[in-house]
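Novice: Okay, here's the structure, questions in a sec.
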Amino acid sequence: ERLRLLGADLGHCYDNGLPGEVLFSSFDGQGTFYQVRLDCGPTAAVHIPAGRNAAPHAVGDPVIVAWNAADVPIVTQA
């Protein structure tokens, strides 16, 4: 899947989105790694590759972990 990390006011730009708060962020040489505590409970890991023109997010920022339906593979049981 292709997860995006958006400002809290931009979730309407994608098919699906889960609101949360940035817990951790670190540049890892290839991009920025984020840990996001989702409002629904679990923590999501999101990696944003460098050069994607994504706005940086700081710890404590409200964000939306977003994705489009076409970017998610469907896996059925064999």
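Novice: Looking for something modelled with pLDDT under 95 and part of a strand (DSSP E or B) - is there at least one such residue anywhere in the range 54-61?
Specialist: no
Novice: Ok, one more. Looking only at residues that are among the small types (Gly, Ala, Ser) and closer than 20 Å to residue 53 by Cα in the range 1-26, which one is modelled with the lowest pLDDT?
Specialist: Out of the qualifying residues, it is 11.
Novice: Kindly indicate the residue of the range 20-46 that is touching a residue at least 40 places away in the same chain (Cβ under 8 Å) and within 12 Å of residue 4 (Cα to Cα) and also surrounded by the most Cβ atoms within 10 Å (Cβ to Cβ) among those meeting that condition.
Specialist: That would be 46.
Novice: I've got another one for you. State the number of residues belonging to the range 23-53 that are farther than 13 Å from residue 8 by Cα and in a strand (DSSP E or B).
Specialist: Qualifying residue count, the range 23-53: 18.
Novice: Quick one: in the range 2-19, of everything that is assigned to a loop (DSSP other than H, G, I, E, B) and either without any contact (Cβ under 8 Å) to a residue 12 or more places away in the chain or within 10 Å of the chain's Cα centre (by Cα) (or both), which residue is nearest to residue 73 (Cα to Cα)?
Specialist: 2
Novice: Looking at the range 55-78, which of its residues are aliphatic (A, V, I, L, M) and surrounded by 15 or more Cβ atoms within 10 Å (Cβ to Cβ)?
Specialist: 63, 64, 65, 66
The values are calculated or read from the model by the stated rules, or taken from the named source; none is laboratory data. Please read these numbers as outputs of a predicted model, since none were measured by experiment. Positions of Cβ are backbone-derived with ideal geometry, glycine not excepted, and every protein chain shown enters the neighbour counts.
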